[in-house]
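Nothing in this text is a laboratory measurement; each read-out follows from the coordinates by a stated rule. All of these numbers come straight from a predicted model, not from anything done at the bench. Cβ atoms come from the backbone with ideal geometry, glycine included; neighbour counts cover every protein chain shown.
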Amino acid sequence: MPVSVARPMSTVSEQHLKSRFYAGFLPGWTAHLESWREARRIQRTFLLGPEWMSQRMYQLSPAEVTQIHTARSWQITWCDRRVAMQDLTLAKTLVRPAQMFLIDEAMAGESVLTESRYGTVSRVFVMAEEDRTWPAEEQREAAASVGPGVEVKAIGGADHMPMFSKPAELAQLILEVADKILSIISPGYKTRMFHLFLLLSKCFLRASGPDHTNFRAKTTMESGKKQQHHFVLVHGVCHGAWCWYKVATLLSSAGHRVTALDMAACGASPGRAEEVPSFEEYSRPLLAAAAGLATEEKAVLVGNSFGSKSLALAMEWYRDRVAVAVFVAAGMPAAGKPMTSVFEQLSQEEQPADRCMDCEFVTRGDPQHPVETFRFGPQYLKHRLYQLSPPEDLTLAMATLRPSRRFLDDATMNGDVLTAERYGAVRRVCVVAEDDASSLPAGFQRRMASLNPGTESSKVSIKQ
């Protein structure tokens, strides 16, 4: 939002929220503005709702063209605007409450933005023509109110999130702006920016599939009525519900119910890893979801890597609520043995000298009872976890990962909590990642699965 010199930054937000657009769609916002000013010591937050995001922010974001192999055919059909979009799915898993800081001193101060400093910086206002959060005409008025010298650029067919709906166009525009200003400073800048633009375009085309000009597509299974399932997806260490956004989109587009969870202090969940007192509390979101299922409902639990431990606990506690448990690229715990035995067996495996690479281990808290947190490093992510993933997913992971605990000294992790009568009675499938370069190689995944009689095994292999 462009701001004029010698005017509080909060005036732009206030005018925007008092507009006719918000008055009709969000009744009561004007009253909230007044209450914010009256109760200056009260901190108020807001959270974007799923319908708002779907209809006002991501309505033009792409539904990726993807293929699902069925028993009889490959099938792609065009969809309407109700399709579950990958970018919208990702946003819903990551959105968190925030403040607008309308009464903040820096936001409300009239002398913060000065002509001699703020006013001398080159500015370009990028306008999204199909923006339903901030209509284009209001964007133009706001840009004009800033004063002379502000260049206005428009992106047609873009919603409020052009980095998703029109990423190639936005990248090109940003590069053009940078080239126009910075090429004066550096003679070789133009050549470098051209090569960077080609790289960005290539990544975009790779991510968008064979027909990048039309994103209104979805995948379906074979025609005919299919049984609907409820999939509950659990992430691995340091990750969050966001890592399932592609799988969740495919499953929901096929008509299934999908619940992607953040474990405690992961993803968009509040709190910090060192504040989670136990593995049971870490797994609480999954345990609560299983407990909350309808009496006759059974869900398909899917866990990746460390998420398999939370899956195992839920299977033990709520075996009658689990239709099948799917362990993806994971070390499956065995009934009658502590879950930490997976790590003990892993420590006996032959590992490269740099197996941890640039991963971070941090110890905090009381020296008598220290708490260790763990976070993947960028090089480990690139070469061990995401080496076969599209580059934009690696970028997403680097920006979204959070420190996490492994709970190696936890009572639940070290106890004999997994019984043959409950955990062992649940049907399970082990999905082996054949090209896994992490510390859980395919052979280890198979050996751990073999300790659980009756486990079905499947594999996923990607050849470059």
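Data overview
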| quantity | calculated |
| --- | --- |
| Surrounding net charge for A420, when Lys and Arg each add one and Asp and Glu each subtract one, Cβ distance under 15 Å | +2 |
| Full-extension gain in nm, S450 to T295, via 0.36 nm per residue minus C-alpha separation | 52.6 nm |
| Overall form of region 391-457 per C-alpha gyration tensor (a/c, 1.5; a/b vs b/c) | oblate |
| Cross-link pairs K92/K309; K246/K298; K153/K246; K337/K382; K166/K246 - those with Cα-Cα distance over 28 Å | K153/K246; K337/K382 |
| Gained length - E105 relative to S458, 0.36 nm times residue gap less alpha-carbon distance | 121.3 nm |
| Loop-located GluC sites (Glu not before Pro) in region 297-374, at most 13 other Cβ atoms within 10 Å (DSSP) | E297, E349, E350 |
| Whether region 230-460 is rounded, prolate or oblate, judged on the alpha carbon gyration tensor where a/c under 1.5 counts as rounded | rounded |
| Per-pair calculated FRET efficiency, R0 = 25 Å: A399 and R272 via Cβ, rounded to 0.05 | 0.90 |
| A260 long-range amide H proximity, modeled H, under 5 Å | L233 |
| Simple spin-label estimate for E141 and R355 in nanometres, 7 Å along Cα-Cβ | 6.4 |
| Isotropic mean projected area of the C-alpha convex hull, region 272-317 (nm²) | 3.6 |
| In sequence order, calculated HN-Hα J values of region 428-440 (Karplus, 6.51, -1.76, 1.60; Hz; x Gly/Pro) | 9, 10, 9, 9, 8, 8, 5, 9, 5, 9, 7, 6, 10 |
| GluC sites (Glu not before Pro) restricted to region 400-464 and DSSP loop, no more than 15 other C-beta within 10 Å | E421, E434 |
| 12 Å beta-carbon shell around V152, net charge (K/R +1, D/E -1) | 0 |
| Antiparallel %, DSSP beta bridges [both residues in region 230-460], to 5 | 20 |
| FRET efficiency for A425 and K337, using Cβ-Cβ distance with R0 set to 25 Å, rounded to 0.05 | 0.95 |
